[in-house]
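The structure that follows is given in the form of structure tokens.
A short reminder: the numbers here are calculations on the coordinates, not readings from a lab. All figures in this text were calculated on a predicted structure; none of them were measured in a lab. All Cβ positions, even for glycine, are placed from backbone atoms using ideal geometry, and neighbour counts span all protein chains on display.
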Amino acid sequence: MPLDVDQTSNRVAEEDVEVGVRRSPSPLPTWLRRPIGKASEISTVQQIIKQRQIHTICEEGRCPNRGECYAQKTATFLLMGPTCTRACGFCQVDKGHAPMPLDPEEPQKIAESVRLLGLRYVVLTSVARDDLPDQGAGWFAQTMEAVRQVNFGTQIEVLTPDFWGGTEGDIAQRQRIATVVQAEPACYNHNVETVRRLQGPVRRGAKYERSLQVLQIVKELEPSIPTKSGLMLGHGETKAELVEAMQDLRAVGCDRLTLGQYMRPSLAHLPVQKYWTPEEFEELGAIARDLGFAHVRSGPLVRSSYHAGESE
């Protein structure tokens, strides 16, 4: 029998309290409630991951689709540990200025997990590692190489941080992005997450223009690599602002787009300002296609890597 819906996420939303600007909507809409999957199907993936002491954004980010993905024996691997050096207001991943040292065996462990799961399309993402000299760009490339050595023909999508150069400037950022591009991902994903106006409270340490620049640099370095980005709805953005963000993404050549509903992980995170309806997501998806995005996923439970390997 399927397990109950993610009771933790539902309870957080239903018991929401005043934090920040105004109260989050309550209770959680019916369209955001879903079974998390059969325990036997979930445990297969969890065992492979835990035995190798690697991480997935499915668990660390408490993705609402993890039951479905695990049942299909797929996961999005989280590189370089579970602790992020950024402190975004929406994200469930742990934050800290002293993340774990890199596990030198992690690339091989992930490659072996891909083989055991029989994956033909893999998504590699990571926490932000501002503490590393290259912020982890070389680790992406190393892991991609390890996966391909064990899994011939498997396609690899990357979802990277912005690799901001800090005091080193744009040149360092471009070099880091180039390291990943040269490893030839099947798709290069970097999320702007929210509209221009809300970047400050939602993405602490990140910048809207900087994220657009990541996608633009990828296209400049290798136009044939599809680029992708995603927006989380529910932080107080307007439809007009969402359309503007889509237009900005298209202006830098972004090919693919995901639109999904923000679901507050805990009372310590930003409150939800609005639950967009499935019909509104359909309308926004149609607008995105009209703007020229080649691949669009738009729905309340859509996440960056949801059905990433599937075409329209």
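Would you mind getting me the FRET efficiency between Trp31 and Asp134? Use the beta-carbon distance for r and R0 = 35 Å, nearest 0.05.
0.25
On to the next question. Count the net charge of all other residues whose Cβ sits under 11 Å from the Cβ of Leu257, scoring Lys and Arg as +1 and Asp and Glu as -1.
Summing Lys/Arg as +1 and Asp/Glu as -1 gives +4.
Quick check: from the Cα gyration tensor, does segment 187-304 come out rounded (a/c under 1.5), prolate or oblate? List each step's numbers first, then the result.
Working: a/c = 1.93, a/b = 1.33, b/c = 1.45.
Oblate, since a/c reaches 1.5 and b/c is not below a/b.
Distance check, please: which entries in Lys50/Lys274; Lys207/Lys274; Lys207/Lys239; Lys109/Lys207 exceed 28 angstrom between their Cα atoms?
Lys50/Lys274; Lys109/Lys207
Separate question: So for the pair Glu241, Lys274, with labels modelled 7 Å out along Cα→Cβ, what separation do we get in nm?
The answer from the label model is 0.9 nm.
May I ask you to compute the full-extension gain from Glu105 to Asp170, defined as 0.36 nm times their residue separation minus their alpha-carbon distance, rounded to one decimal in nm?
Stretched fully, the Glu105-Asp170 segment lengthens by 20.3 nm.
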